[in-house]
Each structure stands twice: as structure tokens, then as C-alpha cells.
Amino acid sequence: MSTREERLKQAQSALQSGQFDAGLTAARALITDDPSDGEALYLAAVASRYLKRFDDAAEHLAALHVAMPEYGRAWQEQGHLSLARADAAGALDAFTRATRFNPALEASWREQARLHAQAGRSGEAQAASAQQQRLSALPRELVAVTNHLAEGRLVRAEEICRHYMRANTQNVEGMRLLAKIGIELGILDDAEFLLESAVSFAPDDIQLRFDYIDALRRRQKSAEAREQAEALLLRDPANVLFQSRLAIECIQTGEYDRGLDLFDSVLEKIPGDPASLTSRGHALKTKGDRAEAEASYRAAITSKPGHGDAYYALANLKTYTFGGDELAAMKAQIERGDLAFMDRVHLNFALAKALEDAGDYEGAFKCYDEGNTLKRAQTRYSADAMSAELAKQKSACTAELFAKHDCAGHSAPDPIFILGLPRAGSTLLEQILASHSLIDGTLELPNILALAHRLRGRKAGQSRYPEILHDLSGEQFAKFGEDFIENTRLHRADAPFFIDKMPNNFRHIGLIHLILPNAKIIDARRAPMDCCFSGFKQLFAEGQEFTYGLTEVGRYYSDYVDLMEHWDTVLPGKVLRVQHEDVLDDLEGQTRRMLDFLEVPFEEQCLAFHQTDRAVRTASSEQVREPINRKGQDAWKPFEPWLGDLKAALGE
């Protein structure tokens, strides 16, 4: 019997040879086997359009947008279908979305230029035409890389790009694309080096500068990112794009007043700009100016009623309650057929929060489920792949490995790792401990995850980590630990100890112990149903893809517990487990327990953590500015009728 790939090729060949009936029949057979087969749905839509079966084509595209909401080619085909139906406005919107998701679609840029010119918008037509001409001038290899990158085929994109770069070592577009691939793969140090080199070759390329700033920020090099943004603004002090970028970087370095002044300057020139108002709100929230943050978010919504980001920002304050008018407005916006993908995601999560607060738990769950379904289609997370990855930690990181390197690593006792699952109470523990005079709170630092990525190696489709830990020397472990201490120094003040609160570091406790044997590790744990459902309700800025499904988050929690039991076995006493419910029951007792584990004296201000004045950048920022409370405990219980998949995934 033919494989799915063979049948797909047969359908593609039929279309290429103009046999649209045969191609449609083959594609529909694949759709019968899997109604969410994106490639088959795309072929069926194309065949139906050529056969002038426009309603069928629209039906296939609607299913395709659900299965692959950010598939650029699907939106390009939507544009072609709209043109066939003489809907110029719909076509322009579709072609614009197509290039937003995949900038390598030359036909979509060409059609945008034609449609804008047809409507008398010469400026927009020229901009689209310039993009189309830029693409046509690019080497075909780099167009292919851009296309593979946009469609998530990172391994193939890297293969082509590296092959091209071997013969074109100083091609800045190739360097930029390879850096973008590196960022997607989490290889941030290489991405930074590539972009730094590219900028030196093409100092006037603004896009390169923006990408370089992005790479620096992802590496938590806030000061360097701000310097690059400063350099851009010096070129053109009146440029609102440069002002906005510098404002964001100033906020990252804690220069709130200057950042807010820059946002105000942007808003003087572009009154009511929803993106600037929302970013300004984020800055005010991080600073702790709650009322002003709310006002900025509401102003963004007034300016653009479908701006889901601002609605979700209000919901993400956790302690904000939507009024009846806001509830009605969100419901009206979510019914729009032309709502952008991320606006729809944001509005579903925000509306869910509003309905939950109003006691409509069934309606709230439907919105949470819809938002998560959209995100799950976008991320294509595999629970099986994650389970296999965590199982490899157990098989590779053995007691024998740690005994072999008992005296290895860097001796610094400075780091305190608070890890576990997101929404498990880690921000509360960080706020308690960062209130101590000897402990600095920092951020969710990416350094351990980046090191793990680097140790995986570069061979396509294969990973040498964590097995490679058996091949490394004590000197190498010590160097990795020394680099960690040095590279995280910029996030610290002058306290002898500091916190790294990256939750996913629980996957790499073996690596942490080998490079920093004197580091302290705290496992922030919360009751499984509360933790998992809280994660399911949270729309994360990036990462944490396992939360976008009840089965997925339940399996991840189970795998986490299983791996933590392994660490307890092979590294006894290394990890202090702090149960969130125990902190709620006995704040002082658990605080003293943590401080004893960290070997620092008790300080009373740790119990008044909500009064500590520091920037908090996680979703719990507003909650940890309140005295301890039980608002989140058992929040899943009103939703119990719809949580069967979560319970099944958690098992015992």
C-alpha cells in the first residue's frame, strides 16, 4: 500500500500536469484519512480553484487555516481565490497576511503592489514592489532558506544556508538568515556572533541592526542592546521606529522614565498608536504603576477595538475585572471573520478570563480551549518527543556519571536555581528570597538552556546531548560553570547570591550539578490540577508550548515529576522541594526552611515580600505585589466537567 508521502506526491504531480480532477481526488482521499492534513488541504484548495469550484476551495482553505493558521501559502491561495471571485479587498488582505507569515512569497508581494496601485495607493504599491524586486534579486538558495524557515523546516533551512555560506562567506543576508535559524534553535551565541559580523560588513542595513538588537535581548545583554538602539536613534533622532525600539530597550535596562518619555514622544507623532500604547502599558506594569498601565491598555483598545494584545494585557494583570461593556465588546470582536490570528488568540484568552470572573465557567472553558487550540496548531508541539527527551536525561545522567566527576565544575556558590513548572509559585518564592539582603533577583535566564542547545551539536536531526556529558572533562565542566557566572554578572547587583528562575532548567539539573556543584536548587511545586490548569489558562509570550492542550500539560507534569524523582535518586539532597500549598499554610516556616537550605540568616523583610520594590517580568507580577492569599487555590474545580483529558493524562 502507498505511503502518505507517495500519495501526496501523486496528487502534486497531477496538479503540475494540469490534471486537476485527478489531483483533487487524490488530495480528498488523503483528507478522508486525516481531515487536518495541511498539505492535502492546500492541494485540494488549489485544484478546486482551477476547476472553478470556488465554494469547495473556500471550504478547504477554511479547514487549512484552522490546521495551519500561519501557513503563508494558504493565505496566498486565499488571495488567488478572492481574485477569482472578483474580491479585490479580500485578495489584498489575504496577500498581506501571506507575506506576514512567509516573506519569501514573491507572487503575494507582486499582487499587493498591483492591487495597491489599482486603488491609487502609490506609496504602499512602491513598498510592496520593492520587496518583490528584493526577493527576485536574492540568490535562489536564500529565497529557499527564507521559505523553509517561514514554514518551520529548520533543519532543511540550515542545510541549504550553510551550504550556500561555504562559498559566500560574507553574504550578509545569508548570515542574517543563519542567525534567525540559530535563534529558532536556541543557539543564541552563534546568532549573536553572526549578526555582529554582518553589521560590521553592512553597517547601514537597518534590518540587520534590528535583528542584532533582538539577538542581544534574547541573550539578556540588555545594556548592549540599548547601545545598539541608541546608535540607531543618533542616525535619525525623529524616527519613530527608532524611538520605539530604544524605549523598549530602556525598559529592559530599568530606565523606565526615559523609556516612557520616548513612548510619549512616539505617541505625540502617532497619536493612538495601539502597539506603542500597549508597550507603554507593559512598561508601566513592570515598573509597578498599575493604574497608569490599565489606562494605557484601554487607550490602545479605544484606538483599535480589535487589538487583542491590549485586552489580554488587562486580563494578564490577573487582578483586573472586566466590565459588562468590555465583555460585550470582546464578544463582538471575536465574531469578526477578518480578525488577525494573534488578535483572535489574545481575545479568546482575555474573554475566557472575563467569563470566568463572571461565573460563566462553561463559556470560559470554551474560550480557553479555543485559544489553546489555535496556539497548538501554531506550535506543533509533540508530547511524545518531549517525553523521549526527558527520558534521555534519566538514562544518561546516572549516579556513576556524577561519582566520576565528583570534584569537577566551578566552585562558585552564587547561583540559586528556582525551577519546576510555570504557574507553580516560583515567582512567589523568588520574590520572598529576593527580599533578602544577600540575594539578588534577576530574570528567567536562558544560559543553561543555551548551553544544553550548544551541547546537542549541529548534525541535522541528531542530538549528542545529554549523552555527550560522559565524554566531557572536569576542566570543560569547570569552564562552562565559570562562563555561566561571568555571563550572568550583568543581571546582578552586589549581593553574594543570585536567583535564576528559568522553570525549564529542571530538565538540566544534571548539567547544572556538573558545572556548578555548589549551586543551590529549589523545586517549586504546586498541586497538579491547580498547576496544570493554571498553565492551560496562561498565554505565554514564548516557549512553554506544552501548556496548549490538557493532555499535553498533564503529560508534561507527569514527566516532570518522574524526572525529579530521578534527580532525587542520583543526586540525593541536591534539590529542596517547596510545595506551594505549604507556603500558603506557613509562610514563615517555609521561608526559614528555604533560607536554612541556602545557608543565609533569616530576615524579617522576606515575610513582607509584597512590599519589596523590584521589577517583576513574569505573569505573576501583580499577584506577588499582594500579601499572600489563596485566590488561585482549587481554581480548577468549577471547570471539572471539562477536565477529563487532564485527569487522564495525570493518572495517579
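The values are calculated or read from the model by the stated rules, or taken from the named source; none is laboratory data. The structure displayed is predicted, hence computed values, not measured ones. Virtual Cβ from ideal backbone geometry, glycine too; neighbours counted across all protein chains shown. The accessibility values were calculated without ligands, DNA or RNA, using every heavy atom of the protein model including side chains. Shrake-Rupley method; radii C 1.70, N 1.55, O 1.52, S 1.80 Å.
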On average over all directions, what projected area in square nanometres does the range 59-156 have, based on the convex hull of its Cα atoms?
6.4 nm²
In nm, to one decimal, how far is the Leu490 label point from the Ala107 one, both placed 7 Å along Cα→Cβ?
4.4 nm
State, to one decimal in nm, how far the label point of Lys479 lies from the label point of Arg376, with both points 7 Å from Cα in the Cβ direction.
4.4 nm
Members of Lys9/Lys375; Lys304/Lys537; Lys287/Lys501 lying beyond 23 Å, as alpha-carbon distances in this model show
Lys9/Lys375; Lys304/Lys537
Which of the trypsin sites (Lys or Arg not before Pro) found in the range 77-153 are in a DSSP loop and have at most 16 neighbouring Cβ atoms, other than their own, within 10 Å?
Arg85, Arg121, Arg153
How much length would be gained if the chain were fully extended between Ala358 and Phe54, taking 0.36 nm per residue of separation minus their Cα-Cα distance, in nm to one decimal?
105.2 nm
Contour minus Cα-Cα span, Gln19 to Lys631, at 0.36 nm per residue, comes to 214.2 nm
Compute and list, largest first, the equivalent-ellipsoid semi-axes of the range 22-116 from the alpha carbon gyration tensor, each √(5λ) rounded to a whole angstrom.
23, 14, 10
Sticking with the crude label model, points 7 Å out along Cα→Cβ, report the distance from Phe602 to Lys392 in nm, one decimal please.
4.5 nm
What does the accessible area per residue of the range 343-398 come to in Å², with a 1.4 Å probe and no ligands, DNA or RNA counted?
39 Å²
Just to confirm the filter: which trypsin sites (Lys or Arg not before Pro) across the range 22-72 are DSSP coil and have at most 14 other Cβ within 10 angstrom of their Cβ?
Lys52
What is the distance in Å between the Cα centres of the range 212-261 and the range 315-386?
31 Å
In Å and whole numbers, how far do the C-alpha atoms of the range 156-308 stretch along each principal axis, longest first?
55, 32, 24
Listed highest first by mean packing, meaning other Cβ atoms within 10 Å per residue, what order do 596-603, 363-370 come in?
363-370, 596-603
With viscosity set to 1.567 mPa s and temperature to 4 °C, compute the Stokes-Einstein D of the range 410-558, Rh being the Kirkwood radius across alpha carbon pairs; µm²/s, no decimals.
79 µm²/s
Taking a label point 7 Å from the Cα of Ala648 along the Cα→Cβ vector, which residues of the range 360-379 have an amide N closer than 12 Å to it?
none
Aspartates and glutamates whose Cα lies under 16 Å from that of Lys366, excluding same-chain neighbours fewer than 8 positions away:
Glu335, Glu356, Asp357, Glu640, Asp645
Going out from 0 in 10 Å bins, what whole percent of all Cα-Cα distances in the range 204-251 drops into each bin?
31, 60, 9
Largest-first ellipsoid semi-axes for the chain, taking √(5λ) over the Cα gyration tensor eigenvalues, angstrom:
41, 29, 28
Sorted by accessible surface (1.4 Å probe, heavy atoms of the protein chains only), largest first, Phe497, Phe609 come out as Phe497, Phe609
Rounded to the nearest 0.05, FRET efficiency between Glu6 and Glu335 (Cβ-Cβ, R0 56 Å) equals 0.85
Nearest-0.05 FRET efficiency for Ala137 and Ser197 at R0 = 35 Å, using Cβ-Cβ distance, is 0.95
Let's test this: bin the Cα-Cα distances of the range 140-187 at 5 Å from zero up to the farthest pair and state each bin's percent.
5, 25, 40, 22, 7, 1
Identify the GluC sites (Glu not before Pro) of the range 531-560 meeting these criteria: DSSP loop state and at most 12 other C-beta atoms within 10 Å of the C-beta.
Glu542
For the chain, what % of the accessible area comes from carbon and sulfur atoms, probe 1.4 Å?
49 percent
Obtain the radius of gyration and the Kirkwood radius of the range 1-48 from its C-alpha atoms and give Rg over Rh.
0.92
The range 126-158 and the range 488-558: distance between their alpha carbon centers, rounded to Å:
36 Å
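Rank-order 377-388, 66-77, 282-293 by packing density, defined as the average count of other C-beta atoms within 10 Å over each peptide's residues, highest first. Kindly include the intermediate steps, with their values, before the conclusion.
Details: 377-388: 14.2, 66-77: 22.0, 282-293: 18.4.
Top to bottom by mean Cβ count within 10 Å: 66-77, 282-293, 377-388.
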Using the Cβ atoms and a cut-off under 10 Å, what net charge is assigned to the surroundings of Arg336, where Lys and Arg are +1 and Asp and Glu are -1?
-2
Rounded to the nearest 0.05, what FRET efficiency do Arg593 and Arg454 have when you use their Cβ-Cβ distance and R0 = 30 Å?
0.25
What's the ranking of 328-340, 511-523, 559-571 by average number of surrounding C-beta atoms within 10 Å, highest first?
511-523, 559-571, 328-340
Which value results when the Cα radius of gyration for the range 241-360 is divided by 2.2 N^0.38 Å?
1.07
Contact order relative to length for the chain, counting C-alpha pairs under 8 Å separated by 6 or more residues, stands in percent at 10 percent
